[in-house]
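Structure record follows, encoded as structure tokens.
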Amino acid sequence: MLEGRKITANHSSELKIPIGLLNDLTSARSVLDIMQCYSQWSGSILCADRCTIALNPMDSPYLELIAIEGNQAIPVGGKMPINGSFIGQVFATQRGEIRPNIANDPEIDCQKLSQAGISALMNAPIEVAGRCFGVLATGFQTLPRTAESDFELLKALARCIATQLLIIEQMENLTRIAHTDSLTKLSNRHSFRENLTACWQAWRAEKTPFSVVSIDVDHFKSVNDTLGHDAGDVVLQAISKRISDGTALHVENAIVARLGGEEFCVLLSGAMARLAQDVAQSIKSEISDHPITYSDTHLSLTASIGVAYSDEGDAERDDIMLRADKALYEAKANGRNQIVYK
């Protein structure tokens, strides 16, 4: 017996389906909303008893069912192995297929769906430009006589889904690039300022404390002057790891950023003074206690560090940065390789 409801199309007005699909897509607020929209409308367009979108996250050996409309024999969140399932076979080969009678098919998904009253499947890879994201799968209690022409429509819908997923992925990549320092892969100045604003707003609204640890590598210019800019890049990458390691010893959710040149900064949301001091001490030790090797040269480097905490007297967001920078300059003026707190 079929579970769920049969998806039906309104054939009285063929325009209602594409207009409804477009309206729902424009109001979707997440990838899951978009996938559920496609699942619902693809099933409606094809008059299917079940419509499923299954995606392959992070090149795993499974396809995850993230959107389902109609028959719920295999529910949302279920996973189908790429090896051993019909839906997995379509993903692996990137070739769509119609199976008019699945009663005796050995694949796990065919068996489960057959037991729930589905007798035929029509699946298409969600693929565009050689990239396969998953499978758009439809199931029927009885395969329609228009299956061959419907199959072409199914493949077109699958390509639409793939195109939208590709655009979303590219937008996420662009956002990541815009917020990431290309050399060190840390947050960049723009990203740091956005997070600083969020911390400042939380401090003003809810008195959530935060701290800033400002770091400058001592005598870094001599590395470029002596060994060249390639060596300088290697040093900056190594320093960024040491700062991240020193921060991670005490807190997981800190924002570690390269603001430019040899200047780095750590933003500690919710951090009281003691935690910020511990982070600064760990960063100082990570840098000074671990020489950096470039070619056959061992470089022993140090850093000057300024630490500032959110304060009731701060009138603007940048006040804490000004105090952190002032502390950093004092550390340099006092002989470098030290920490000053404000």
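The values are calculated or read from the model by the stated rules, or taken from the named source; none is laboratory data. Since the model is a prediction, treat every value here as computed from it, not as a measurement. With ideal geometry, Cβ positions are generated from the backbone for all residues, glycine too; neighbour counts draw on all protein chains shown. All accessible areas refer to the heavy atoms of the entire protein, side chains included, with ligands and DNA or RNA removed. Shrake-Rupley method; radii C 1.70, N 1.55, O 1.52, S 1.80 Å.
Quick rundown of the values:
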read-out	value
Pairs with Cβ under 6 Å, 6+ apart, first in region 64-78 and touching a residue at least 24 places away in the same chain (Cβ under 8 Å) and within 13 Å of T138 (Cβ to Cβ), second among the acidic types (D, E) and open to solvent by 10 Å² or more (accessible area, probe 1.4 Å)	N71/E3
Of all residues in region 264-276 being open to solvent by 50 Å² or more (accessible area, probe 1.4 Å) and of a type outside the set (S, T, Y), the one that is nearest to Q237 (Cα to Cα)	L275
Sole exception among (1) touching a Ser or Thr at 6+ places or on another chain (Cβ under 6 Å); (2) part of a helix (DSSP H, G or I); (3) under 18 Å from R189 (Cβ atoms) for G306, by number	(2)
Residue, most open to solvent (accessible area, probe 1.4 Å), within region 119-131, restricted to residues that are at pLDDT 95 or above and closer than 24 Å to I161 by Cα	E127
Residues of region 259-311 classified as farther than 15 Å from G246 by Cβ and among the charged types (D, E, K, R), total	5
Meets criteria (over 28 Å from the mean Cα position of the chain (by Cα) and open to solvent by 40 Å² or more (accessible area, probe 1.4 Å)) for P61	no
When residues of region 314-342 are limited to those that are small (G, A, S) and within 23 Å of N195 (Cα to Cα), the one surrounded by the fewest Cβ atoms within 10 Å (Cβ to Cβ)	A315
Extreme residue, surrounded by the fewest Cβ atoms within 10 Å (Cβ to Cβ), among residues of region 87-108 that are under 15 Å from N56 (Cβ atoms) and not hydroxyl-bearing (S, T, Y)	Q94
Test: residue in region 214-234 that is surrounded by fewer than 20 Cβ atoms within 10 Å (Cβ to Cβ), within 26 Å of the chain's Cα centre (by Cα) and under 25 Å from E330 (Cα atoms)	no
Test for H250: is it within 28 Å of A333 (Cβ to Cβ), touching a helix residue (DSSP H, G or I) at 6+ places or on another chain (Cβ under 9 Å), at pLDDT below 95 and open to solvent by 40 Å² or more (accessible area, probe 1.4 Å)	yes
Matching residues in region 235-247 - criterion: being of a type outside the set (G, A, S) and open to solvent by less than 10 Å² (accessible area, probe 1.4 Å)	V235, L236, I239, I243, T247
Selected residue (criterion: most open to solvent (accessible area, probe 1.4 Å)) from residues of region 302-313 that are touching a residue at least 40 places away in the same chain (Cβ under 8 Å) and out of contact with any Pro (no Cβ under 8 Å at 6 or more places or on another chain)	T302
Filtered residues of region 240-269 (kept if touching a residue at least 40 places away in the same chain (Cβ under 8 Å), part of a helix (DSSP H, G or I) and under 14 Å from S187 (Cα atoms))	S240, I243, S244
Scan of region 152-197 for residues that are open to solvent by 50 Å² or more (accessible area, probe 1.4 Å), touching a helix residue (DSSP H, G or I) at 6+ places or on another chain (Cβ under 8 Å) and part of a loop (DSSP other than H, G, I, E, B), ordered by number	K185
So A202, is it surrounded by 18 or more Cβ atoms within 10 Å (Cβ to Cβ), among the aliphatic types (A, V, I, L, M), farther than 20 Å from H290 by Cβ and touching a residue at least 12 places away in the same chain (Cβ under 8 Å)	no
